[in-house]
Amino acid sequence: MFASKTTNSCSTWTRCYLATIGYVYAIDVDPTNSATVYAGGNPGIYRTTDSGINWINVSSGLTAVVVDIAIDPFTTTTLYAASRDGVFKTTNSGGGWTNTGCSEVSCLVLDPQTQGTIYCGTATGVFKSTNAGETWVSMNNGLQDTNVTCMGIDPDNYLFVGTLSNGLYRWQLNTGSTENRVRTAYPNFCTISPNPVTDNALITYQINSPGYTHITLYNASGQLLRTLLETEHQSGVHTLFFPIFDMPAGIYFVHVETCHEVFVTKFVCCK
């Protein structure tokens, strides 16, 4: 398990080792002290207070792989972690974590201007807490795809939500009453199940226009590993099964290229 660090605007990188095994899926830096960094993934969360020289495990109370981390900008000893089991919270820099609720959480953001306001994206939509995770309410009005994959916030203006198969949405924060679909460049979709993958993967993808389709597999370094499919497709939903028994654990990307566009889906291989 490792993270990488640069001190020269990405000209070179130094690898920081956190543990002998595992993968990092999320990183957040203390906004008041850049030497303090949290890295979450599988297994758990690690913290450094010396810019990555030394790391300690701060995972007590966590029960699932961490996919996102957010530090409270008002009280930086308070953090939130997203996982399949819910949104976990610590008030002592990772000394102990408690589950605040929700499930199948893929991402979360904190409102940097309103203390205690948190948004999390899940497989069943968006949830909001205004009391630092004590209670959660859904806010899915107008959201045509509730499988949320990513989130971003423009304070006082919009909460942006990316979905698995139906584009990008925004919620107007100053009224809290409307969601609008934002046109994206990738109307097709591609999903991989299960994710994480342990032995065999099923790719489900939609082609909106008939024509040539090229599906390839890349590793996290951008190296082409193999071509999975080259064929002519009719429009519609298609599936492709492929085994991963010969692939080491890690993060991979499937590229689906048609005559008109390319779209990419990430998956995790676990051994």
Of T146, T191, which residue is under 17 Å from the mean Cα position of the chain (by Cα) and modelled with pLDDT under 85? T191
With (1) more than 17 Å from V148 (Cβ to Cβ); (2) among the aliphatic types (A, V, I, L, M); (3) in contact with a Pro (Cβ under 9 Å, 6 or more places away or on another chain) as the list, and A35 as the residue in question, which single condition is left unmet? (3)
Output the number of the condition that A201 fails; it satisfies all remaining conditions of (1) closer than 30 Å to A3 by Cα; (2) at pLDDT below 85; (3) part of a strand (DSSP E or B). (2)
Can you tell me which residue in the stretch 215-271 is nearest to T204 (Cα to Cα), limited to those that are outside any strand (DSSP E or B) and among the aliphatic types (A, V, I, L, M)? I244
Looking at the stretch 132-154, is at least one residue aromatic (F, W, Y) and either touching a Cys at 6+ places or on another chain (Cβ under 8 Å) or in the same structural domain as I207 (by TED's automatic domain parsing) (or both)? yes
Here is a list: T12, T32, T20, T7. Which entry is surrounded by fewer than 13 Cβ atoms within 10 Å (Cβ to Cβ), within 21 Å of G250 (Cβ to Cβ) and among the hydroxyl-bearing types (S, T, Y)? T20
Assess whether F88 counts as being of a type outside the set (S, T, N, Q), touching a strand residue (DSSP E or B) at 6+ places or on another chain (Cβ under 8 Å) and more than 24 Å from L173 (Cβ to Cβ). yes
First in the stretch 66-95 and at positive phi, second anywhere and part of a strand (DSSP E or B) and surrounded by fewer than 22 Cβ atoms within 10 Å (Cβ to Cβ), Cβ under 7 Å, 6 or more apart: G86/N99; S93/R47; G94/R47
Which residues, taken from the stretch 159-173, are in a loop (DSSP other than H, G, I, E, B) and over 18 Å from C102 (Cβ atoms)? S165, N166, G167, L173
A39 vs. criteria under 27 Å from E104 (Cβ atoms) and in contact with a Cys (Cβ under 7 Å, 6 or more places away or on another chain): no
Condition set within 15 Å of G162 (Cα to Cα) and hydrophobic (A, V, I, L, M, F, W, C), scope the stretch 99-125, selection modelled with the lowest pLDDT: answer is A123
Residues that are under 29 Å from E134 (Cβ atoms), free of Cβ contacts under 8 Å to residues at least 12 places away in the same chain and out of contact with any Asp or Glu (no Cβ under 7 Å at 6 or more places or on another chain): does the stretch 40-56 have at least one? yes
Among the residues of the stretch 9-25, is any over 30 Å from V148 (Cα atoms), at pLDDT below 95, charged (D, E, K, R) and in the same structural domain as G125 (by TED's automatic domain parsing)? yes
I need the full set of residues from the stretch 238-271 which are without any contact (Cβ under 8 Å) to a residue 40 or more places away in the chain and surrounded by fewer than 11 Cβ atoms within 10 Å (Cβ to Cβ), in order please. T239, D246, P248
Just name the residue that is farthest from W97 (Cα to Cα) out of those in the stretch 37-66 that are aliphatic (A, V, I, L, M) and assigned to a loop (DSSP other than H, G, I, E, B). I53
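The values are calculated or read from the model by the stated rules, or taken from the named source; none is laboratory data. Owing to the predicted nature of the structure, the values given are computational and were not obtained by experimental measurement. Quick reminder, even Gly has a Cβ in these numbers, built from the backbone with ideal geometry, and neighbours come from all protein chains shown.
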